[in-house]
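The values are calculated or read from the model by the stated rules, or taken from the named source; none is laboratory data. Predicted, not measured: the structure shown is a model, and the values here were computed from it. Methodologically, a virtual Cβ is constructed for each residue, glycine included, from the backbone with ideal geometry; neighbour enumeration extends over all protein chains shown.
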Amino acid sequence: KPLFQRNPLPAGVVLLQEWDADAGISVFHDGNLPVFPSPEVAAQAFHQAEKYYAWRKTVEVQTQSPSRPSLSLPVSNETLVRDADPRSGVVAPERVLDLFLHAGLPLAPYQIVTHLAEAQAFLAEGHTPVVLKLLAREISHKSDVGGVQLNIDTPQKLQAAWEHLARIHREHRISSPLKVLIQQQVTGQREMILGLQREPGFGPVMMIGWGGILVEVLRQVVFRVWPFTAAEAMRMVEELPAAELLQGLRGMGSVAMDKLMDIILRMGELGAAYPSVASLEVNPLIISDDGQHLWIVDARMVVHTNDASGNNESPS
């Protein structure tokens, strides 16, 4: 034991024969020495420890880095929890969109409307085609009940879609007044998904992957423990299968990587700023075919309604 205490390098013990745990192994454990059943297991453990040490040193630098964006958010953690659905913890879509706007995340142009005339004015501004989405806490999967209307590019189609959503609103006996999200329908052959989830023992964990039709063939996603910087975000993207799609292919331009990195970092900051957030998902993030425009089309946030963090102060 004194020998190992003087040794500045990591050390462990490999037992090559049977050993009485009560009589012997506890001696090594008392000296903070790990015990392994074979040299192979010991080598694997020390290799993982080395990788973990390198990662920790990187994180120490990243958490002090000025390259991560700072956010100015509109509501406190307490308000976010109070306004969420008390059973599911789902945050209202309009609240999520507002948080995204304050976080500097790029949203497809949209407006929350309660009357057809407001939707007509939005369409007249040139945001064509548009999509209409019924907003109601009672309907969690809008597409399943016809609550999403696509490819609306004329006043006639808009009125028909509005009447359709109003009928669904009545049929489901939604107590709140009719509320609709009208949004410019953006397109692009490349779509991505981004997510953040709080994992016990790890804290916030970020995820990125391909979305749309690509998710059917490129199912692999990449994870990182938050926080990290743009350099680590770039490494995440490079680990994606078919990452070369971001460099352009068959008429598609190279993706503006600085914008993609900024989105990843701002989403991480947003999720981490609220200790009650259990999960945050963007699906899809649509990339224009020229690669220069990235739009968040839909997002979902879930909070722990019984927040055990004890931190209900406004995020800074």
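Just a few scattered comments:
- Of the listed requirements (1) in contact with a strand residue (DSSP E or B) (Cβ under 7 Å, 6 or more places away or on another chain); (2) of a type in the set (S, T, N, Q); (3) within 28 Å of Glu94 (Cβ to Cβ), Gln189 misses just one: (3).
- All of Gly195, Gly201, Gly209, Gly126 fail the test of being over 25 Å from Val90 (Cα atoms) and either assigned by TED's automatic domain parsing to the domain that holds Glu269 or loosely packed, with under 12 Cβ neighbours inside 10 Å (or both), apart from Gly126.
- When Leu181 is tested against (1) in a helix (DSSP H, G or I); (2) closer than 23 Å to Met301 by Cα, exactly one condition is not met: (1).
- Among the residues here, Gln149 does not qualify as under 30 Å from Leu249 (Cβ atoms) and of a type in the set (S, T, N, Q).
- Test: Gln292 is out of contact with any His (no Cβ under 8 Å at 6 or more places or on another chain), modelled with pLDDT of 95 or more and assigned to a loop (DSSP other than H, G, I, E, B): yes
- Flag if Lys57 is closer than 30 Å to Met236 by Cβ, basic (Lys, Arg), at pLDDT 70 or above and out of contact with any strand residue (DSSP E or B) (no Cβ under 7 Å at 6 or more places or on another chain): no
- The set of residues from region 223-234 being surrounded by fewer than 17 Cβ atoms within 10 Å (Cβ to Cβ) and either over 11 Å from Ile264 (Cα atoms) or not aliphatic (A, V, I, L, M) (or both) comprises Phe223, Val225, Ala231.
Conditions (1) farther than 18 Å from Gln292 by Cα; (2) more than 16 Å from the chain's Cα centre (by Cα); (3) free of Cβ contacts under 8 Å to residues at least 40 places away in the same chain, marked per residue:
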residue	(1), (2), (3)
Arg173	yes, yes, yes
Leu181	yes, yes, no
Gly195	yes, no, no
Met206	yes, no, no
Arg224	yes, no, yes
Glu232	yes, no, no
Glu244	no, yes, yes
Gly251	no, yes, yes
Asp258	no, yes, yes
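- Taking the criterion of being in the same structural domain as Leu158 (by TED's automatic domain parsing), surrounded by 15 or more Cβ atoms within 10 Å (Cβ to Cβ) and in a helix (DSSP H, G or I), the residues of region 92-123 that qualify are Leu116, Ala119, Gln120, Phe122, Leu123.
Matching residues to (1) closer than 29 Å to Tyr110 by Cα; (2) touching a helix residue (DSSP H, G or I) at 6+ places or on another chain (Cβ under 8 Å); (3) of a type in the set (Ser, Thr, Tyr); (4) modelled with pLDDT of 95 or more:
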position: Ala233; (1), (2), (3), (4): yes, yes, no, no
position: Leu246; (1), (2), (3), (4): yes, yes, no, no
position: Arg250; (1), (2), (3), (4): no, no, no, no
position: Ile264; (1), (2), (3), (4): yes, yes, no, yes
position: Ile296; (1), (2), (3), (4): yes, yes, no, yes
position: Val303; (1), (2), (3), (4): yes, yes, no, yes
position: Gly310; (1), (2), (3), (4): no, no, no, no
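- Region 127-142, residues that are at pLDDT below 85 and hydrophobic (A, V, I, L, M, F, W, C): Ile139
- Within region 92-111, the set of residues being more than 27 Å from Glu232 (Cβ to Cβ) and either of a type outside the set (A, V, I, L, M) or in contact with a strand residue (DSSP E or B) (Cβ under 6 Å, 6 or more places away or on another chain) (or both) comprises Pro93, Glu94, Arg95, Asp98, Ala108, Pro109, Tyr110, Gln111.
- Members of region 143-175 that are surrounded by fewer than 11 Cβ atoms within 10 Å (Cβ to Cβ), of a type outside the set (D, E, K, R) and within 22 Å of Asp298 (Cα to Cα): Ser143
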